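K.L.:
Below are the structure tokens for one structure; questions will follow.
We did not get these values from a lab; they are worked out from the coordinates using the rules stated. Everything numeric here is computed off the predicted structure, so don't read it as measured data. Counting neighbours? That spans all protein chains shown, and the Cβs are built from the backbone with ideal geometry, glycine included.
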Amino acid sequence: MLRLTILYDNEACTGFTGSWGFSVLVETDRETILFDTGWDGTLLLKHMKKAGIDPSRISKLVLSHQHWDHIGGLPEILNANPGIAVYVPASFSENLKKEIKKRSTFIEVKEAIEISRDIWSTGELGDKIKEQSLVLITKNGSYVITGCAHPGIDEIINAASFHGKIKGILGGLHDSDVFEGFKEMNMIAAGHCTTHKEKIKGLFPSKFMEIRAGLRLELTEC
């Protein structure tokens, strides 16, 4: 099983609330991983309840980068799940890292690191704004999950390609206007801070999908 549930996004499905930010739950046969928290922790927990997700059963939290719209819900997750393993980019402020360490099992990320079996962090990428993405590895290729993609799509795809062919990408794609890396993908699921949604949709109509809070996807693993 490889299931993704969008818990937080600017846009929302019926019964969910759109709010600036991003969060997605990754479920496998082995464990449940949360990637980012949006900015409003109360809304995040509300969406989890509606989706039938118990935050205390999440085993790991991965934070993409230190922007309010991706880490704002962190206190609520730490309160609901004391001691949860949190994967934090090394570029986070020292004060914030100290606070997270007090209430979690803290793992600092700089280089590529295995989060779970067949799930890797790209490690910190980028210059001005450092950010990590997730790579979900399947038998027939990999899926990439981004927070905002500040380092640029090409740099993220290049890093993720270490694990093989990229089947798809999901998350915020920011303002990148270089789409060469999308050509060989089967899925381009854009949300949150993606500036050029319409252009991407026009170039890749059969592959494009606009994500929103409440959307649940079952990804092909073979």
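K.L.:
Please compute the contact order of the chain in relative form: average sequence separation of alpha-carbon pairs under 8 Å and at least six residues apart, divided by the residue count, as a percent. Mind dumping the intermediate values first?
P.N.:
Details: 536 pairs, mean separation 45.3, N = 222.
Dividing the mean separation by the residue count of the chain yields 20 percent.
K.L.:
When you have a sec, figure out the Kirkwood radius of the range 133-212 from all distinct Cα pair distances and drop it here in Å to one decimal?
P.N.:
Numbers: mean 1/r = 0.0819 Å⁻¹.
After inverting the pairwise mean of 1/r, the radius is 12.2 Å.
K.L.:
One quarter of the convex hull surface, Cα atoms only: what value does that give for the range 85-180 in nm²? Write down the numbers at each step before the final one.
P.N.:
Values: hull surface 25.6 nm².
If I average the Cα hull's projected area over directions, I get 6.4 nm².
K.L.:
What order do you get for MET48, MET187, MET1 when you list them from fewest to most C-beta neighbours inside 10 Å? Spell out each step's value before the answer.
P.N.:
On the way: MET48 23, MET187 18, MET1 9.
Neighbour counts put them in this order, fewest first: MET1, MET187, MET48.
K.L.:
Moving on. Using only Cα atoms, locate the centre of the range 1-64 and the centre of the range 93-142, then give the distance between them in Å, rounded to an integer.
P.N.:
One Cα centre to the other: 17 Å.
K.L.:
Tell me whether the chain comes out rounded, prolate or oblate; compute the Cα gyration tensor, take square roots of the eigenvalues as a ≥ b ≥ c, and use a/c under 1.5 as the rounded threshold. Let's see the in-between values first.
P.N.:
Details: a/c = 1.43, a/b = 1.26, b/c = 1.14.
Because its axes are fairly even, with a/c under 1.5, the chain counts as rounded.
K.L.:
Once fully extended, how much extra length lies between PHE162 and MET1, figured as 0.36 nm per residue of separation less the alpha-carbon to alpha-carbon distance?
P.N.:
Working: separation 161, 0.36 × 161 = 57.96 nm, distance 2.27 nm.
Answer, rounded to one decimal: 55.7 nm.
K.L.:
Using the Cα centre as the reference, give the magnitude of the dipole from point charges on the C-beta atoms of the chain (Lys, Arg: +1; Asp, Glu: -1; all else neutral), rounded to the nearest 20 debye. Walk me through the numbers before you get to the answer.
P.N.:
On the way: 26 positive and 29 negative charges, 105 e Å.
The dipole magnitude comes to about 500 debye.
K.L.:
Moving on. Enumerate the amide H contacts of LEU61 below 5 Å, restricted to partners 5 or more residues apart or on another chain; note that Pro and chain-start residues carry no placed amide H.
P.N.:
The list, which skips near neighbours in sequence, is LEU34, ALA85, VAL86, TYR87.
K.L.:
Still on this structure, please answer the following. Too long at a 29 Å Cα-Cα cut-off: which of LYS110/LYS167; LYS101/LYS139; LYS97/LYS183; LYS49/LYS102? List each step's numbers first, then the result.
P.N.:
Numbers: LYS110/LYS167 25 Å; LYS101/LYS139 35 Å; LYS97/LYS183 38 Å; LYS49/LYS102 26 Å.
Those over the limit are LYS101/LYS139; LYS97/LYS183.
K.L.:
Still on this structure, please answer the following. List, in order, the whole-Hz ³J(HN,Hα) value for each residue of the range 113-118 obtained from phi through the Karplus relation with A = 6.51, B = -1.76, C = 1.60 and θ = phi - 60°; use x for Gly and Pro.
P.N.:
8, 7, 8, 7, 4, 6
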